[in-house]
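The values are calculated or read from the model by the stated rules, or taken from the named source; none is laboratory data. In this text, all values refer to a predicted model and were calculated from it rather than measured experimentally. Cβ coordinates were reconstructed from backbone atoms using ideal geometry, including for glycine residues, and neighbour counts include every protein chain displayed. Heavy atoms of the whole protein, side chains included, go into the accessibility calculation; ligands, DNA and RNA do not. Shrake-Rupley method; radii C 1.70, N 1.55, O 1.52, S 1.80 Å.
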Amino acid sequence: MTVEVTKLPSGLTVITDTMPHLETAALGVWTGVGGRDEKSNEHGISHLLEHMAFKGTKKRSSREIVEEIEAVGGDLNAATSTETTAYYARVMKADVPLALDVLSDILANPTFVPDELEREKSVIVQEIGAAQDTPDDVVFEHLNELCYPDQPMGRSLLGTAKTLKGFDRDMLQHYLSTHYRGPDMVVAAAGAVNHRQVVHEASDRFSSFAGTAAPKPQPAMFGKGGSRVVNRDLEQAHLTLALEGLPQSDLSLFSLQVFTNILGGGMSSRLFQEVREKRGLCYSIYTFHAPYTDTGFFGLYTGTDPTDAPEMMEVIVDVINESVETLTEAEIARAKAQMKAGLLMALESCSSRAEQLARHMLAYGRPLTVEELVKRIDDVSVESTRNVARGLLTRSRPAVAALGSGRGLDTAVAFAEGLTRAKDKSLLH
């Protein structure tokens, strides 16, 4: 694999990884703007803009956009996250110029036709409704609000029916021109691609994004913890817990990821084995860590019968606290092997590789080599993992959100709140 990087006069970066054994290519445009960049009156506009990019340009209708790609057997999609928005395609190698033309067209020449805009607002209102019917989506919305109170990072990416109603063509155009700037954009491609060809195509097609970098979002401030119980008549109780994690650039990030995997990253993890396999207290339980530019989010999710919630949460708290000081070499080695396998497997997918390259450029300003990533994993030790786990449990108070019915939720939440402080269990019974 050969990674090549070129910075265009517009400030936009082109990065490619040629994979000669492939006949297809994955390519896209990643821009460093997402939900956290929105002002209070812009809540949901990043996601709406992503939708509207496919709704017509000065030379293509919304139907022609998708038909041109699908006519050559390709596919086209997009995604909005907290810090990035991506527009990407998968095509045969001969159709890379077409894909770049379509991707540049939807960003450089969108028309934002009012009728299309109103229809797409209605579509997103339906999407919001679907999310509200999904308990694990709802409980994480409440958890995010607790973790980042009164901040864009604590709000849903979808916006609300009220905020969507206030968006018009001018607001979308202003948001696009303000935040989609060359220095904050990456064209990434992997698979059957030629770097010079991609640079040539991107140089012409994305020249209108030249200019200074977009304004930076407000710094994230992890909240003071606390809890929220949302009553809803459900068969299961859905419980989540979060602690302040580490930002993308922290050198201890890989040690924290190892701890996260040992705790709840798979079927061999401590929580899965103790809570589900040994005690049968839940069907699903997992932990994860999401690093951002200036903060991190360690999370836990589980669902159980409401009557089992207090016992389950007490077990979870005990497992987390015990894990910090009882990690073993075997567990560390297993977690590291899982991380390396995931990394190397991703290199076999041109779509995963293109996304990885783009995210590296946005996060680090350069692509990290496979050897560098593997070394960072190999450098994780029992001691470094214990140290990062101790930091995790002392950096913040836990935020806890529960969704369901039954008196057991309040008791379960009280156990969870006691994770990072000495507690008298007798007071909780």
*Does residue 13 satisfy the criteria of being of a type in the set (S, T, N, Q) and under 16 Å from residue 351 (Cα atoms)?*
no
*Search the stretch 346-359 for residues that are at pLDDT 95 or above and pair each with any residue that is of a type in the set (S, T, N, Q) and outside any helix (DSSP H, G or I) when their beta-carbon atoms are under 7 Å apart and the residues are at least 6 apart or on different chains.*
350/24
*Which residues, counting only those in the stretch 350-375, are basic (Lys, Arg) and open to solvent by 30 Å² or more (accessible area, probe 1.4 Å)?*
359, 366, 375
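In the stretch 38-51, what residues are surrounded by 24 or more Cβ atoms within 10 Å (Cβ to Cβ) and within 28 Å of residue 199 (Cβ to Cβ)?
Once the filter is applied, which keeps residues that are surrounded by 24 or more Cβ atoms within 10 Å (Cβ to Cβ) and within 28 Å of residue 199 (Cβ to Cβ), the stretch 38-51 yields 46, 49.
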*For the stretch 262-280, how many residues meet the condition of being open to solvent by less than 40 Å² (accessible area, probe 1.4 Å) and either modelled with pLDDT under 95 or under 19 Å from the mean Cα position of the chain (by Cα) (or both)?*
2
*Just need a number here: residues in the stretch 52-74 that are within 30 Å of residue 217 (Cα to Cα) and open to solvent by 10 Å² or more (accessible area, probe 1.4 Å).*
3
*Which helices (runs of 4 or more DSSP H) sit wholly inside the stretch 112-206 and have at least 1 residues that are touching a residue at least 60 places away in the same chain (Cβ under 8 Å) and in contact with a strand residue (DSSP E or B) (Cβ under 8 Å, 6 or more places away or on another chain)?*
135-147, 169-179, 195-205
*Taking the residues in the stretch 284-320 that are over 24 Å from the mean Cα position of the chain (by Cα) and more than 19 Å from residue 418 (Cα to Cα) as candidates, determine which candidate is most open to solvent (accessible area, probe 1.4 Å).*
307
*Tally, over the stretch 392-424, of residues that are at pLDDT 90 or above, open to solvent by 70 Å² or more (accessible area, probe 1.4 Å) and closer than 30 Å to residue 232 by Cβ*: 2
*Only one of these conditions is not met by residue 73: (1) over 26 Å from residue 210 (Cα atoms); (2) in contact (Cβ under 8 Å) with a residue 40 or more places away in the chain. Which number is it?*
(2)
*Might you check whether a residue that is in contact with a Lys or Arg (Cβ under 6 Å, 6 or more places away or on another chain) and closer than 14 Å to residue 354 by Cβ occurs anywhere in the stretch 40-62?*
no
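Go over the candidates 161, 189 one by one and state the one that is closer than 23 Å to residue 76 by Cα and small (Gly, Ala, Ser).
189
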*Of (1) open to solvent by 60 Å² or more (accessible area, probe 1.4 Å); (2) modelled with pLDDT under 95; (3) within 30 Å of residue 33 (Cα to Cα), residue 325 satisfies all except one. Which?*
(3)
*Does any residue of the stretch 223-230 turn out to be open to solvent by 70 Å² or more (accessible area, probe 1.4 Å), in a strand (DSSP E or B) and farther than 23 Å from residue 15 by Cβ?*
yes
*Answer yes or no as to whether residue 389 is under 27 Å from residue 310 (Cβ atoms) and either under 20 Å from the mean Cα position of the chain (by Cα) or surrounded by 20 or more Cβ atoms within 10 Å (Cβ to Cβ) (or both).*
yes
*Hey, residue 140 hits all of (1) touching a helix residue (DSSP H, G or I) at 6+ places or on another chain (Cβ under 7 Å); (2) surrounded by 14 or more Cβ atoms within 10 Å (Cβ to Cβ) but one; which does it fall short on?*
(1)
*So which residues in the stretch 231-261 are surrounded by fewer than 20 Cβ atoms within 10 Å (Cβ to Cβ) and over 18 Å from residue 342 (Cβ atoms)?*
231, 232, 233, 234, 235, 247, 249, 250, 251, 252
_Can you pull out every residue in the stretch 181-206 that is open to solvent by less than 10 Å² (accessible area, probe 1.4 Å) and either under 13 Å from residue 30 (Cβ atoms) or of a type outside the set (A, V, I, L, M) (or both)?_
182, 185, 186, 187, 188, 189, 190, 191, 202, 206
*Mind telling me which of the residues 370, 324 ends up being over 26 Å from residue 189 (Cβ atoms) and among the β-branched types (Val, Ile, Thr)?*
324
